[in-house]
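These notes concern the structure reproduced below.
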Amino acid sequence: MKFRMIALDVDGTLLNDHHEVTPRVRQAVRAAAEQGLEIVLCTGRGSSSALPVLQQLGLKGTMITHNGASIVDSETREIIYETKIEHDLVQRYVTFCRERGIHFDMNTAFDLYVEGMSEEAKEMYSKMLAKPIMRSSSDAYPESLLKMSIFASKLVMDAVEEEWKSWQHDLQSIRSGDYFIDVQHLEASKGKALEQLASMRGIPRDQILAMGNYYNDTGMIEYAGWGVAMDNSPTEVKAIADEVTVSNNEDGVALVIEQRVLV
């Protein structure tokens, strides 16, 4: 296949478990960009948190953020596409978290708001290069709300996910990591956002290479002409991929690019 676009998940895919872009991965991604391929970060992170990763790669361009709820230009900060969620629909999730003392944040395209922070949350945001804005529970919800993220231990997240199975949902809840559940618009997904961007670029899906490692990556892995799952992916994610490569701690992104692009 001759690819024109590479869509890359960030955490657990592009970055290793120390939240680093290794030299080999950086070199491979940059080499692909120098050959004319468009590199698109396709992440559950917010735009401000994803931007430093793009800068570490020494690249500029368009990013798909918030699990596909927004597409933004990294240079101009233009919001190219977004799926907003209505405030009244998110209220029940906020109430659920407040009653149980579960940490949550609310996201617009570039800003992230919290009502409080534990030491665990502070450490998490630091690793994610995110800078939360403090708000009060009595404040109005942010305008142009795109996503609410819930953060807790895997045990708590498993319990929340199980309880929510009985809910009638007007919003989508998706597991984006062992410690995260994201709540967003029913139509928001990495796959749909990637399709939107590809249509804007005039790039057919068979010329797109996508790599990811978790449930929120399945849409883009299935949409791309060649979808790759990292070895650290759950079994269900591996099952829908065209290829399973080595883990994010073994430079899996670099290996795929070297074998399928830099030849």
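Throughout, read-outs are computed from the coordinates displayed, never taken from laboratory work. If you're wondering where the values come from, they're calculated on a predicted model, not measured in any experiment. Please note: Cβ atoms are built from the backbone with ideal geometry, for glycine as well, and neighbour counts cover all protein chains shown.
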task: Consider all pairwise Cα distances in segment 150-241 and report the whole-number % of them above 17 Å.
output: 55
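Counting other Cβ atoms within 10 Å, which trypsin sites (Lys or Arg not before Pro) in segment 10-69 have at most 16 and lie in a DSSP loop?
Those that pass, being in a loop and sparsely packed, are Lys60.
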message: As a test of the formula, what do you get for the chain when each DSSP H run with n ≥ 4 contributes -39,500 (n - 2.57) and the sum is divided by the residue count, at 222 nm and rounded to the nearest 500 deg cm²/dmol?
response: -10000 deg cm²/dmol
message: Using the basic label-point model (7 angstrom from Cα toward the beta carbon), what is the Asp139 to Thr235 distance in nanometres?
response: 4.4
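Report, to two decimal places, the Cα Rg of the chain normalised by 2.2 N^0.38 Å (N = number of residues).
0.96
Give the whole-number value, in cubic angstrom per residue, of the convex hull volume spanned by the C-alpha atoms of segment 1-108. Let's see the in-between values first.
Values: hull volume 14.1 nm³, N = 108.
Dividing the Cα hull volume of segment 1-108 by its residues yields 131 Å³.
Quick one: net charge around Gly58, please, counting Lys, Arg +1 and Asp, Glu -1 for every other residue with C-beta under 10 Å from its C-beta. Intermediate values should be presented prior to the final figure.
Values: positive: Arg26, Arg30, Lys60; negative: none.
Net charge around Gly58: +3.
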- prompt: Roughly how many nanometres apart are two label points built 7 Å out from the Cα toward the Cβ at Ser166 and Tyr215?
  reply: 1.8
- line: In segment 151-193, the GluC sites (Glu not before Pro) that sit in a DSSP loop and have at most 16 other Cβ atoms within 10 Å of their own Cβ are Glu187
- prompt: If you take the Cα atoms of segment 87-184, find Rg, then find the Kirkwood Rh from the mean of 1/r over all pairs, what is Rg/Rh?
  reply: 0.92
message: Lysine pairs in the chain with Cα distance under 19 Å, only those 8 or more apart or on different chains: how many are there?
response: 11
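Between Thr95 and Lys122, what length comes free when the chain is fully extended (0.36 nm per residue of separation minus the Cα-Cα distance, one decimal in nm)? Don't jump to the answer; show the numbers that get you there.
Numbers: separation 27, 0.36 × 27 = 9.72 nm, distance 2.19 nm.
Full-extension gain reported as 7.5 nm.
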